[in-house]
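Structure record follows, encoded as structure tokens.
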Amino acid sequence: AAAELATLRPEDSRGALTQALADSDSIVRLRAVQGLSQAGGEESIASLSKVLLEDRDPKVRRMAARGLGRMNTESAFWALMEANSDDDPGVREAVTQSLATLEKHGVSASH
């Protein structure tokens, strides 16, 4: 269902996608993160930030980091900065790459 929601207009399915982030199946959570990454907006950034900091699956956290890297907002930048010390090296790499992408677009701590 989360995969189907992600194919719809993401901004219309944001609530259902956010609920899917609590699913026990990591594939469902991955699809929900993908959908929220496409939807954008501060609500999605808040949800992705929480996933990045709290989800138990490093794959889901990596996807959240990548999604935040496409948001081009200061709130996404700060969420990534907070996750810069994740236990998983793959998550830290995704965070570093996303921060570099944001900085290329002029988003950083000084803006």
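Ranking of Arg62, Arg29 by solvent-accessible surface, largest first: Arg62, Arg29 (1.4 Å probe, protein heavy atoms only, all chains present). Entry note, the range 43-93: relative contact order of 37 percent, from Cα contacts under 8 Å with a spacing of 6+ residues. Here the range 84-111 and the range 22-58 have alpha carbon centers that stand 17 Å from each other.
Before anything else, pin down the relative contact order of the chain: Cα pairs under 8 Å, at least 6 apart, normalised by residue count, whole percent. About 21 percent, as a whole number. Taking a sphere under 11 Å around the Cβ of Ser37 and counting the other residues whose Cβ falls inside, with K and R at +1 and D and E at -1, yields a net charge of +3.
Using a cut-off of under 12 Å, list every residue of the range 14-47 whose amide N is near the label point 7 Å from the Cα of Asp57 along the Cα-to-beta-carbon line. Within reach of a label on Asp57: 21-34.
Other residues with beta-carbon under 13 Å from the beta-carbon of His105 carry, at +1 per Lys or Arg and -1 per Asp or Glu, a net charge of 0. At 1.4 Å probe size, what's the solvent-accessible area of Thr18? Round to the nearest 10 Å². My reading of the accessible area for Thr18 is about 60 Å².
Note on the chain: Kirkwood radius taken over Cα pairs, Stokes-Einstein applied at 37 °C and 0.692 mPa s, translational D equal to 244 µm² s⁻¹. Electrostatic bookkeeping for Pro58 treats Lys and Arg as +1 and Asp and Glu as -1; over the other residues with beta carbon under 14 Å from its beta carbon, the sum is 0.
The values are calculated or read from the model by the stated rules, or taken from the named source; none is laboratory data. Not measured: the values here are computed from a predicted model. Don't worry about glycine lacking a Cβ; one is built from the backbone with ideal geometry, like all the others, and counts go over all protein chains shown. Please note that ligands, DNA and RNA were not included when accessible areas were found on the heavy atoms of the full protein model with its side chains. Shrake-Rupley method; radii C 1.70, N 1.55, O 1.52, S 1.80 Å.
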